[in-house]
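The values are calculated or read from the model by the stated rules, or taken from the named source; none is laboratory data. Since the model is a prediction, treat every value here as computed from it, not as a measurement. We place every Cβ from the backbone using ideal geometry, glycine too, and count neighbours over all the protein chains shown. Heads up: the accessible areas ignore ligands, DNA and RNA and are worked out on the full protein's heavy atoms, side chains in. Shrake-Rupley method; radii C 1.70, N 1.55, O 1.52, S 1.80 Å.
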Amino acid sequence: MGRELNKKTRYFYELNFIRGIACLLVVMVHVTARNYHLNDQNFNWLTLFLNQVARYGTPFFAILSGFLLYNQAIKKGFNFKKFVASRFTKIVIPFLIWSFLYLLVKQYKFPWLEGGASVKDFLVLFSLGDSYYHLYFIVVVIQFYLLFPILQLAKTKNSMLALTIIAFFINYFFMRQPVDTGNETFNLFIQDRSSIFKWIFYFIFGGLLVYFWEPLVKWIEENVKFTILLGAISLCFVIYEYNTFGFFSSTRIANLFHMPLLLVVLVGIYYAMGRWEKIRSYILELGDLSMGIYLVHPMVLYVMQNYTAELLTKTRWIPLAFLITVLSSILLVKIINKIPFGQFVVTVAAPKKVKYQEVQRKAS
């Protein structure tokens with residue numbers, strides 16, 4: 001591990017697989033959440049199970065974002081102008097567009113309309129990502145991007161390790177107890193779920209993984225069955241946890257310990273699915289569309305709730321509602337991506353020319 005990292009970059013198929021799974025998890029959370037609200041805020045055993053085991057999607061996105069940004073900065077260097085241009089077009093512009101679109105869906109009273117909200121309330125709502133329930137995480141990502149030009153200066157293995165430990169404790173304390181600054185507005189920003197302080201560990205941990213990824217992946221390939229067993233044990237703990245302490249959100253202290261383990265489990269599942277290459281390739285392709293799907297799927301759910309509410313109300317229809325939401329979101333993203341300037345509305349990763357399969361490395 002003391003050797004200099006290989007400066008060549010490769011396409012991380014296992015990470016794109018995790019991104020595809022994370023996308024499916026986020027959609028499942030929101031499908032079951034609609035079911036919860038349509039049933040007078042009640043879960044049954046199945047919808048509770050699906051909602052809780054899917055709560056790891058957004059932390060996975062944070063880890064992947066940190067990994068890919070640090071991997072680029074460590075191996076190819078950091079170009080500030082290119083970074084700003086890329087993040088602005090791929091993240092900030094789509095966030096602005098969809099924030100306004102969802103506010104229109106909610107029939108929000110903009111400040112410039114008669115009887116509209118105050119400018120301050122509008123700016124606070126917009127800045128917290130409260131235009132719609134899922135946009136808060138895009139605000140989290142943007143905050144990390146604002147910090148990254150400084151954070152990327154600490155990109156040696158030892159400095160990344162120290163930064164990860166610091167980020168862990170920052171995350172822990174901000175999740176454990178709200179920090180009171182004495183200023184109501186400032187408190188709102190640092191105590192909200194969109195505060196970077198409740199997510200910073202995942203991003204930095206992703207960066208730390210750059211230095212350990214190749215040996216870690218090699219170990220997982222050689223111990224796939226063991227990682228699947230770890231996944232089964234983790235699932236039992238999750239079920240015990242929410243049945244004992246009640247259902248939880250993505251911003252909870254236990255996730256600081258769950259996420260590194262679950263990352264290993266999903267990489268193990270990626271290699272275990274080598275015998276089902278077709279299904280695995282679909283998940284990999286889903287990873288390319290994940291950002292777009294994340295932005296548009298609540299719109300699909302909104303339409304579904306207004307026209308086919310029974311699909312979301314009845315438990316027996318939840319799998320079908322989930323499938324319709326995913327497929328409709330994929331179709332919508334692809335249609336938007338084809339129109340002029342569609343790339344500014346939804347972000348779609350460029351598909352690789354190489355076939356979606358990872359050549360099994362021989363054990364050395």
Name, by its number, the condition in (1) closer than 18 Å to Arg252 by Cβ; (2) open to solvent by less than 40 Å² (accessible area, probe 1.4 Å) that does not hold for Tyr172.
-> (2)
Pairs returned, first residue in region 112-138 that is farther than 23 Å from Val300 by Cβ, second residue that is of a type in the set (S, T, N, Q) and loosely packed, with under 12 Cβ neighbours inside 10 Å, beta-carbon separation under 8 angstrom, 6 or more apart or interchain, are Val124/Thr185
Among the residues of region 92-108 satisfying the criterion of being surrounded by 15 or more Cβ atoms within 10 Å (Cβ to Cβ) and not aliphatic (A, V, I, L, M), which is modelled with the lowest pLDDT?
-> Tyr108
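Here are Val348, Val296: which of them is at pLDDT below 95, among the β-branched types (Val, Ile, Thr) and under 26 Å from Leu103 (Cβ atoms)? Explain how you work it out, then say what you get.
Numbers: Val296 fails: at pLDDT below 95.
Answer to the selection: Val348.
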Residue that is within 19 Å of the chain's Cα centre (by Cα), open to solvent by 20 Å² or more (accessible area, probe 1.4 Å) and among the aromatic types (Phe, Trp, Tyr), where the choices are Phe226, Phe248 = Phe248
Subset of region 69-91 (residues that are within 19 Å of Val348 (Cα to Cα), touching a residue at least 24 places away in the same chain (Cβ under 8 Å) and open to solvent by 60 Å² or more (accessible area, probe 1.4 Å)) = Gln72, Lys90
Scan of region 98-111 for residues that are touching a residue at least 24 places away in the same chain (Cβ under 8 Å) and either outside any helix (DSSP H, G or I) or farther than 23 Å from Val345 by Cβ (or both), ordered by number | Lys106
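Taking the conditions exactly as written (open to solvent by less than 40 Å² (accessible area, probe 1.4 Å), in a helix (DSSP H, G or I), out of contact with any Phe, Trp or Tyr (no Cβ under 6 Å at 6 or more places or on another chain) and of a type in the set (Ser, Thr, Tyr)), does Tyr271 satisfy them or not? Working first, answer last.
Values: open to solvent by less than 40 Å² (accessible area, probe 1.4 Å): yes; in a helix (DSSP H, G or I): yes; out of contact with any Phe, Trp or Tyr (no Cβ under 6 Å at 6 or more places or on another chain): yes; of a type in the set (Ser, Thr, Tyr): yes.
The answer is yes for Tyr271.
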Test: residue in region 275-288 that is closer than 17 Å to Gln52 by Cα and surrounded by fewer than 16 Cβ atoms within 10 Å (Cβ to Cβ) = no
